[in-house]
Amino acid sequence: MTDIKYEDYGFQTRAVHTGNDIDKETGAIRRPITMANSYSLPYDPTDLNWSSADGNSIYTRNGGANQKYLQEKLSSLEGGEDCVVLATGVAALSGMFFALLNSGDHVIFSDVTYIAVYRLLNELFNKKFKVETTIVDSSDLKAVRAAVRPNTKLIHIETPGNPTLKISDIRAIADIAHENGALLSVDNTFASPFNQRPVELGADLCVESLTKYINGHGDAMGGAVIGEREIIDQIRSQAMVNLGGAISPFNAWLIMRGAVTLPLRMRQHNENAIKTAEYLESLECVSFVAYPGLKSHRLHETAKNQMTNGFGGVLSFALKADHDTHNKFVSHLKVITSAVSLGHDESLIVFLGEDDERQYLYPEEFHSGFFRFSVGLEDVEDIIGDIRQALEKCMLL
């Protein structure tokens with residue numbers, strides 16, 4: 001752990017310094033990668049708890065050095081008391097649900113979430129563990145309140161939501177949860193802690209897919225849960241040690257390195273995305289654009305109140321065209337890459353067709369197929385120019 005604490009410094013300073021320190025053995029000013037999977041034991045190891053996650057290095061499944069450094073950085077950036085880093089974003093989500101929920105508990109979750117959440121809560125936990133679940137439009141506070149039951153243990157929301165960019169009011173839903181003795185968890189992946197910090201808005205837990213913006217380079221997978229230490233210890237013990245969701249030391253090191261530039265990258269993602277969204281919205285051949293930074297977004301004011309630095313780099317849109325023309329448009333792109341994921345340095349686009357199993361949960365304009373577009377760090381003129389030339393080749397401009 002670092003000898004100097006940076007709590008009173010700005011976000012960018014903490015992104016650079018927190019979790020880093022001078023290596024005591026070599027004098028290097030950057031934390032090294034500690035690839036060991038086993039650590040030296042004390043003189044008498046018989047009193048050790050081999051399943052402990054108390055921070056003492058025994059075995060990397062119980063916690064590794066690079067993981068600890070990254071957890072310190074993320075706790076600071078998210079404004080949380082503690083953090084557990086796991087192998088992927090889905091490991092963070094499933095580990096959180098596994099640690100917190102028991103048979104007979106009730107969970108309310110957003111109708112627009114990452115597909116893994118839909119599967120975990122709508123199918124797996126429901127059928128395997130008898131956890132009761134209710135899907136709600138979490139942008140509708142009356143619907144959230146009406147869904148609460150005496151056995152409601154958790155409300156889980158994602159804002160902005162994947163892939164429709166739906167916005168939910170974190171502070172208001174935290175109040176509903178706490179009034180009814182429940183916890184609120186928020187998937188913050190689309191926003192990143194630079195734009196939005198759910199714990200500071202009243203959420204009990206914040207989940208991040210570190211694979212996305214926090215790493216930012218498309219080359220390492222990880223996930224994190226941030227919140228109160230007592231709850232995080234429970235998740236750490238069950239999800240990391242007993243389910244084996246530990247992150248690799250190398251991935252933790254890569255994400256630690258990527259997180260240093262998070263504020264710089266997010267400023268550019270924010271700027272590029274709003275300019276691209278405004279351009280798309282100006283086109284006659286575009287049927288809709290969903291981006292919380294646009295004034296036309298139904299919940300723009302809510303987004304503006306809780307996304308203090310910007311609205312992220314992801315938007316969705318569709319063309320006034322048939323299925324095949326959407327695919328032809330993608331095939332003509334040169335700068336923008338057709339691939340899944342988001343938050344990379346390069347722009348990524350994926351065409352989501354008309355047969356998504358959750359289509360019934362999306363607004364009507366999404367039902368004919370649409371693009372999810374993660375706007376990258378390229379010159380925005382080149383991004384917009386790439387869209388323009390692809391539309392021209394499809395004879396839509």
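The values are calculated or read from the model by the stated rules, or taken from the named source; none is laboratory data. The structure displayed is predicted, hence computed values, not measured ones. All Cβ positions, even for glycine, are placed from backbone atoms using ideal geometry, and neighbour counts span all protein chains on display.
Figures for the structure shown
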quantity	calculated
Odd one out for N37, checked against (1) surrounded by 12 or more Cβ atoms within 10 Å (Cβ to Cβ); (2) farther than 22 Å from I214 by Cβ; (3) free of Cβ contacts under 8 Å to residues at least 12 places away in the same chain; (4) out of contact with any Pro (no Cβ under 6 Å at 6 or more places or on another chain)	(3)
Strands (runs of 3 or more DSSP E) wholly inside the range 113-223 that include at least 1 residues being closer than 26 Å to S368 by Cα	132-136, 152-158
Which numbered condition T88 misses (of (1) on the phi > 0 side of the Ramachandran plot; (2) within 22 Å of the chain's Cα centre (by Cα))	(1)
Matching entry among S287, S316 (being in contact with a strand residue (DSSP E or B) (Cβ under 9 Å, 6 or more places away or on another chain), surrounded by fewer than 21 Cβ atoms within 10 Å (Cβ to Cβ), in contact (Cβ under 8 Å) with a residue 60 or more places away in the chain and not in a loop (DSSP other than H, G, I, E, B))	S287
Residue that is more than 26 Å from K304 (Cα to Cα) and either out of contact with any helix residue (DSSP H, G or I) (no Cβ under 9 Å at 6 or more places or on another chain) or of a type in the set (K, R) (or both), where the choices are N151, N180	N151
Residue satisfying all of: in the range 219-266; touching a residue at least 12 places away in the same chain (Cβ under 8 Å) and of a type in the set (K, R); farthest from K153 (Cα to Cα) among these	R265
Among residues of the range 224-261, those that are crowded, with 24+ Cβ neighbours inside 10 Å, aliphatic (A, V, I, L, M) and under 23 Å from A203 (Cβ atoms), counted	10
Selection from the range 1-35 of residues that are modelled with pLDDT of 90 or more and within 26 Å of Q238 (Cα to Cα)	G19, I33, T34, M35
Which listed residue, of L264, L280, is within 19 Å of R388 (Cβ to Cβ), part of a helix (DSSP H, G or I) and aliphatic (A, V, I, L, M)	L280
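To keep it simple, each residue is scored yes or no on (1) in contact (Cβ under 8 Å) with a residue 12 or more places away in the chain; (2) surrounded by 15 or more Cβ atoms within 10 Å (Cβ to Cβ); (3) not acidic (D, E).
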| site | (1), (2), (3) |
| --- | --- |
| K320 | yes, no, yes |
| D324 | no, no, no |
| K334 | yes, no, yes |
| S338 | yes, no, yes |
| L348 | yes, yes, yes |
| R358 | yes, yes, yes |
| L391 | yes, yes, yes |
| M395 | no, no, yes |
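One line per residue, one yes/no per condition, for (1) β-branched (V, I, T); (2) over 18 Å from I232 (Cα atoms); (3) buried (at least 24 other Cβ atoms within 10 Å of the Cβ); (4) within 15 Å of the chain's Cα centre (by Cα):
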residue	(1), (2), (3), (4)
T113	yes, yes, yes, yes
V136	yes, yes, no, no
S139	no, yes, no, no
L154	no, no, no, no
T159	yes, yes, yes, yes
E179	no, yes, no, no
L183	no, no, no, no
S192	no, yes, yes, yes
D204	no, no, no, no
